[in-house]
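Reviewing the structure listed below.
The values are calculated or read from the model by the stated rules, or taken from the named source; none is laboratory data. The model shown is predicted, which means the values in this text are computed figures rather than measured ones. Cβ placement follows ideal geometry from the backbone for every residue including glycine, while neighbour counts extend to all protein chains displayed. Accessible surface areas use protein heavy atoms only, side chains included; no ligands, DNA or RNA. Shrake-Rupley method; radii C 1.70, N 1.55, O 1.52, S 1.80 Å.
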Amino acid sequence: MARIVMKFGGTSMAGMERIRSVAERVKREVEAGHEVAVVVSAMAGETDRLVQMCREAAPLYDPREYDVVVASGEQVTSGLLAITLSGMGVKARSYMGWQLPIRASGHVSALIEDIDVAVLDRAFAAGGVAVIPGFQGVTGEGALATLGRGGSDTSAVALAIAMKADRCDIYTDVDGVYTTDPRIVPRAAKLNMVTYEEMLELASVGAKVLQTRSVGLAMRFNMPLKVLSSFEDRPGTLIAGEEAVEDTNMERNIITGIAHDLNEARITLRGLPDRPGAVAAIFRPLAAANINVDMIVQSVARSGEPSDLTFTVPTASLPETVAELEKIKDEAGFADILTDTDVVKISAVGVGMRSNAGIAAKMFDTLAERGINLLAITTSEIKVSVLIPEAYTELAVRVLHTAFGLDQERVA
């Protein structure tokens with residue numbers, strides 16, 4: 001007998017037919033003797049609809065009331081799944097975030113502080129299934145709090161850690177993690193195992209399988225994750241520690257995957273004075289406004305002359321970023337602000353980079369051979385990312401996937 005958390009995404013809960021299919025999966029685990037907690041997302045598209053209604057109600061809405069509205073989607077699906085399970089003869093009950101409680105701080109992108117699982121222990125002891133709405137918790141003042149887009153993944157992982165689960169299964173509309181987007185590269189291969197670090201990097205640079213926060217949390221507490229399909233009974237992808245992955249796959253590729261992220265906007269500040277503190281004066285107000293800056297490139301002709309500073313931000317943050325920069329333009333002393341949203345970030349990720357030189361050079365050469373210009377570069381211990389014109393997205397992903405030996409041979 002195992003204690004498991006099963007998390008189902010929005011496409012898995014999109015309508016009663018799919019909810020019944022989810023209930024069948026849960027019932028199978030219960031009949032196998034496992035203690036099961038289920039975390040559910042809102043139906044596909046429902047959160048977007050609720051967010052849009054908030055925007056229509058008032059452009060500058062109260063974050064507290066926003067959370068009240070958008071948290072309702074998960075409450076609906078948790079209740080419907082509990083009803084469906086009960087109708088199948090499975091003892092099930094839904095528990096809202098405040099009923100456990102899942103304590104969180106802040107609004108819109110709240111952080112989980114603690115989860116009390118005593119209620120769940122009692123439910124398991126009585127042979128029941130607990131159905132919990134993802135994406136939500138409760139503040140110290142008793143107000144609803146939401147965890148940000150994709151927050152149900154974080155809910156599931158945090159719950160699994162709190163209840164000392166044996167594993168956390170993430171059911172979604174794909175059957176695992178692939179070497180790249182199969183819609184771009186039909187030869188992309190499904191990965192049997194991925195390290196936490198690789199998944200964290202892949203999630204942060206465009207792979208949309210899991211929320212970045214959830215992977216970081218799983219890595220911190222060494223909670224095994226498995227990405228599975230809600231629609232097919234096929235082996236998924238295990239996400240675990242590096243030792244576990246290497247023990248089962250000694251000859252894995254140096255590069256694990258190629259990711260792309262279209263959610264990038266490039267900003268160039270021209271004529272920035274060459275003086276100490278000039279760059280800090282740019283990024284200090286952006287940090288205060290909680291704007292995430294990614295790639296940074298500064299070009300200086302010669303000492304003492306003005307320079308150009310280029311950096312990237314999420315596309316959704318571009319208007320706010322420009323507004324903040326306009327406020328400090330005179331003080332910072334730069335001449336112009338140029339923006340470009342027709343860019344894409346392409347990343348090669350793999351723990352093998354630690355012990356293999358020349359990965360960046362091979363990536364740059366491969367792109368240069370196809371006439372693809374690099375606009376910015378950033379690296380980490382297991383990742384190389386480049387910013388290129390958006391028009392070259394699919395070509396860049398395909399040629400890099402081939403160059404790093406990730407193409408899967410077709411079966412005749």
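Details
- Look at region 356-383: where a residue is more than 25 Å from Thr195 (Cα to Cα) and a partner is among the charged types (D, E, K, R) and surrounded by 11 or more Cβ atoms within 10 Å (Cβ to Cβ), sitting 6+ places away or on another chain with Cβ atoms under 8 Å, you get Leu375/Arg266; Ala376/Arg266.
- Put simply, of Val22, Val39 the only residue that is surrounded by 16 or more Cβ atoms within 10 Å (Cβ to Cβ), assigned to a helix (DSSP H, G or I) and at negative phi is Val22.
- If you go through region 208-244 and pick out every residue that is in contact with a Lys or Arg (Cβ under 7 Å, 6 or more places away or on another chain) and without any contact (Cβ under 8 Å) to a residue 60 or more places away in the chain, you end up with 3.
- Strands (runs of 3 or more DSSP E) contained entirely in region 297-412, each with at least 2 residues that are surrounded by 16 or more Cβ atoms within 10 Å (Cβ to Cβ): 307-313, 343-349, 376-380, 383-389
- Counting only residues that are within 11 Å of Ile4 (Cα to Cα) and open to solvent by less than 10 Å² (accessible area, probe 1.4 Å), region 144-169 holds 7 of them.
- Condition met for Ala165 (out of contact with any helix residue (DSSP H, G or I) (no Cβ under 7 Å at 6 or more places or on another chain) and of a type outside the set (D, E, K, R)): yes
- Scan of region 196-224 for residues that are of a type in the set (S, T, N, Q), surrounded by fewer than 24 Cβ atoms within 10 Å (Cβ to Cβ) and farther than 16 Å from Val174 by Cα, ordered by number: Ser204, Thr212, Asn222
- Test result for Ala104, small (Gly, Ala, Ser) and in a strand (DSSP E or B): yes
- Residue in region 92-109 that is free of Cβ contacts under 8 Å to residues at least 12 places away in the same chain and open to solvent by 40 Å² or more (accessible area, probe 1.4 Å) present: no
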